[in-house]
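Undergrad: Can you read through this structure? Questions will come right after.
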Amino acid sequence: MTLLQIQNYKICNKWFLFFFALILLLLIQPYNSSAAVKLPPASTKEGFITLLLINEAPFPGEKNYKSEEDTKLAMLSILLVLDNRLKHIPSGYLQKHIATVSTKNIIDIITAGGERGQVDGFYINSSGKLTTVPRVTRRVNNLLNIAGRGKPGRFARLLNYAVKISQDYLKGKSIKGMYINLTVIPPHKVTGRAYSWMTDSMSFHPGGKYVTIPDKDKGSLGGNRFFTLQKLK
């Protein structure tokens, strides 16, 4: 082998090693970055609540996404609706009137009514296991995949926020909602707190004694409209 051939061989070998290292880095990077987001198992109470909060709130690039703050407030307000249905039943109402069940377990609040019940797509299957419909799993997996690309950003922060408030809630940490001090939404006196949420559309309303929380009171968050109740006593 001539000196020129040896030099060419070394140059080719260097370029080969460079491209090999680059490809390896691209393959490994998403996996390592995704470690920034780890959701609790969906089979646990913490994981089930986390999935619900993620599923019900918009992420960057999706319809109704406005900002991180808006999505975080939507997640928090949804969690508080569940808590209000569980622990803060207004005078004159029964829990069953509001949540369709009588219970001390937040999972019962979520799964009341089955697959197409109080929270669409979240239910307990015939084997007694916490279950979500496939579209929920597909979307969450896609969000995790996006969050795992590059440095942790908006997607990772929102996913981790859902985990954190679920954990904090189950640990009994106090979480203050925005609607707790509402007393009047003309022409009604209201109970304060939110007791229902639905897709924010004029055609959607839970009916009964529910009162729409207006925009001026931040009743619309993350593409969801929140509702309080008329005061009875």
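Undergrad: Mind giving me the FRET efficiency for HIS205 and LYS151? R0 is 45 Å, r the Cβ-Cβ distance, nearest 0.05 is fine.
TA: 0.60
Undergrad: Residues with amide H under 5 Å of ASN224's amide H, sequence separation 5 or more or different chain, H placed in the peptide plane at 1.01 Å from N; which?
TA: Here the answer is ASP200, since their amide H atoms fall under 5 Å of that of ASN224.
Undergrad: Let me ask another. Assuming R0 = 25 Å, what is the FRET efficiency of ILE107 and LYS189, from their Cβ-Cβ distance, to the nearest 0.05?
TA: 0.15
Undergrad: Which order do peptides 209-219, 96-106 fall in by mean Cβ count within 10 Å, highest first? Walk me through the numbers before you get to the answer.
TA: On the way: 209-219: 17.5, 96-106: 15.2.
Per-residue mean Cβ counts within 10 Å order the peptides as 209-219, 96-106.
Undergrad: For segment 55-65, what does the Karplus curve 6.51 cos²θ - 1.76 cosθ + 1.60, with θ = phi - 60°, yield as ³J(HN,Hα) per residue in whole Hz, taken in order and with x for Gly and Pro?
TA: Per-residue couplings from phi come out as 5, 8, 10, x, 10, x, x, 8, 4, 6, 6 Hz.
Undergrad: Enumerate the amide H contacts of LEU182 below 5 Å, restricted to partners 5 or more residues apart or on another chain; note that Pro and chain-start residues carry no placed amide H.
TA: Close amide H contacts, sequence-distant or interchain: ARG193.
Undergrad: Roughly how many Å is it from the Cα centre of segment 115-140 to that of segment 37-73, as a whole number?
TA: 15 Å
Undergrad: Quick one: if the Förster radius is 41 Å, what FRET efficiency do GLU69 and SER127 give, using the C-beta to C-beta distance and rounding to 0.05?
TA: The value I calculate is 0.55.
Undergrad: For segment 47-94, with all protein chains present and a 1.4 Å probe, just round the carbon and sulfur fraction of the accessible area to a whole percent.
TA: Result for segment 47-94: 49 percent of the exposed heavy-atom area is carbon or sulfur.
Undergrad: List the lysines whose Cα sits under 26 Å from the Cα of LYS63, skipping any in the same chain fewer than 8 residues away.
TA: Within reach: LYS38, LYS72, LYS151, LYS164, LYS216, LYS218.
Undergrad: Could you tell me which of rounded, prolate or oblate describes segment 74-233, using a ≥ b ≥ c as the square roots of the eigenvalues of the alpha-carbon gyration tensor, with rounded for a/c under 1.5 and, failing that, prolate when a/b is larger than b/c and oblate otherwise?
TA: Prolate is the answer for segment 74-233, as a/c is 1.5 or above and a/b outweighs b/c.
Undergrad: Work out from phi, with θ = phi - 60° and the Karplus expression 6.51 cos²θ - 1.76 cosθ + 1.60, the ³J(HN,Hα) of each residue of segment 71-84, listed in order in whole Hz, and give x for Gly and Pro.
TA: 5, 5, 5, 4, 4, 5, 5, 5, 4, 6, 4, 4, 5, 5
Undergrad: Right, another one. So what J values fall out for segment 90-107 if you push phi through Karplus, 6.51 cos²θ - 1.76 cosθ + 1.60 with θ = phi - 60°, rounded to Hz, Gly and Pro as x?
TA: After applying 6.51 cos²θ - 1.76 cosθ + 1.60, I find x, 4, x, 10, 10, 4, 5, 5, 8, 9, 6, 9, 10, 7, 10, 10, 4, 5 Hz.
Undergrad: Still on this structure, please answer the following. If the only charges are +1 at each Lys and Arg Cβ and -1 at each Asp and Glu Cβ, what is the size of the charge dipole of segment 66-161 around the Cα centre, to the nearest 20 debye?
TA: Rounded to the nearest 20 debye, it is 300 debye.
Undergrad: If amide H atoms are built 1.01 Å from N in the plane of the peptide, which residues on other chains or at least 5 residues away come under 5 Å of the amide H of LEU229?
TA: Excluding prolines and chain starts, which carry no amide H, the hits are THR191, GLY192, VAL211.
The values are calculated or read from the model by the stated rules, or taken from the named source; none is laboratory data. Please read these numbers as outputs of a predicted model, since none were measured by experiment. Cβ coordinates were reconstructed from backbone atoms using ideal geometry, including for glycine residues, and neighbour counts include every protein chain displayed. Only protein heavy atoms, including side chains, enter the accessible area calculation; ligands, DNA and RNA are left aside. Shrake-Rupley method; radii C 1.70, N 1.55, O 1.52, S 1.80 Å.
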